[in-house]
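Below is one structure, written out as structure tokens, with a few remarks after it.
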Amino acid sequence: MLWFLLAGIAVGQIPWAVKNYASFFKLLEKHGLAWTIALLGLRVGPDQLLHPYLAVVVGVFAAFWFLSRRLAPYFGLKAEAGCLVSFGTTICGATAVATAAPLLQKKSNLSGGEVGAAVATVNFLGALGIVLVPLLANLLNFSPAQGGILAGGTLHAVGQALAAGFALGDEAGEWATLVKMSRVALLIPLLLYLNLLVQKKSLNESAAPVRVAAKNLWFIGAFVVLSVAQLWISWPESLVKTGGMLEKWAFWVALFGMGTSIRLSDLWKSGLSILGFGAVLFALNLSIWIAVLLLLPV
């Protein structure tokens with residue numbers, strides 16, 4: 001997994017490759033991750049979908065949204081810029097930033113440079129987390145379930161969470177997927193709330209980010225349906241095995257595509273203040289989840 005990610009990062013630093021094939025790389029990431037998650041529904045049991053740890057996801061998201069608005073000025077940032085980084089940290093990385101940004105830009109004078117810096121920050125920190133989180137899980141002697149929950153609860157993008165989770169084993173990867181999907185699902189209510197907040201004149205225009213997000217998150221529904229169906233259907237072993245093979249290949253393709261979106265030069269030019277702010281939020285998120293996992297049994 002790491003080799004595919006590193007290969008993508010290397011390609012992402014080549015200007016002509018990014019210029020000519022950026023849309024293709026994005027498709028690799030988007031569709032690879034979607035099919036990876038959908039097929040995981042064959043292996044994740046329905047009993048895991050209502051685990052008490054999922055309540056922590058909502059609590060962390062609400063707390064970070066409140067906290068980020070108040071911490072941002074201390075880093076020389078607008079409150080809205082702080083919110084963007086917070087959304088990327090607690091929901092689903094660059095996807096959350098990109099879909100929430102148009103609404104926040106119409107509410108405030110948030111600049112394109114700040115949006116770009118937020119995207120670069122969550123991509124960069126999440127990539128570091130792919131290595132950091134498994135190391136922390138091993139250092140703390142976490143079980144596979146604990147390690148998977150830590151990865152799913154802290155890493156920014158879906159691919160990053162799954163990469164760190166599966167680095168700790170299949171069971172950890174399944175837990176990472178479950179927790180991360182619960183975070184991704186928060187994107188829809190967030191966008192609905194922002195729509196009401198900005199009070200746009202055109203309902204169709206204001207609803208566009210919500211429609212796009214709902215359309216692009218079909219894989220959550222597929223994941224849940226395949227998992228819940230196990231209450232009545234015992235999937236054939238051959239189907240689960242084939243799905244697992246396809247899931248692995250789709251994930252490798254997605255990791256390569258994800259790596260190409262990490263451009264170190266953009267991160268440097270966009271400003272280190274947002275990077276510092278994002279690093280503080282990431283460290284705080286890690287601390288909260290580690291404390292929860294140490295205090296509450298899985």
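With a simple spin-label model that places each label point 7 Å from the Cα along the Cα-to-Cβ direction, the separation between Glu171 and Trp249 comes to 2.9 nm. Packing order of peptides 231-244, 70-83, 158-171, highest average first: 158-171, 70-83, 231-244 (average count of other Cβ atoms within 10 Å over each peptide's residues).
Note on Val225 and Lys19: with the Förster distance fixed at 30 Å, the Cβ-Cβ geometry gives a FRET efficiency of about 0.15.
For Leu27 and Ala79 in one chain, what is 0.36 nm times their gap in residues minus the Cα-Cα distance, to one decimal in nm? The partial results should precede the final answer.
Values: separation 52, 0.36 × 52 = 18.72 nm, distance 3.19 nm.
Answer, rounded to one decimal: 15.5 nm.
In this structure, the pairs whose alpha-carbon distance is over 22 Å, taken from Lys78/Lys106; Lys26/Lys106; Lys30/Lys180, are Lys26/Lys106.
Just so you know, all these numbers are worked out from the coordinates, no wet-lab data involved. Everything quoted here is computed from the prediction, not taken from an experiment. Reconstructed Cβ throughout: ideal geometry from the backbone, glycine too, with neighbour counts over all protein chains shown.
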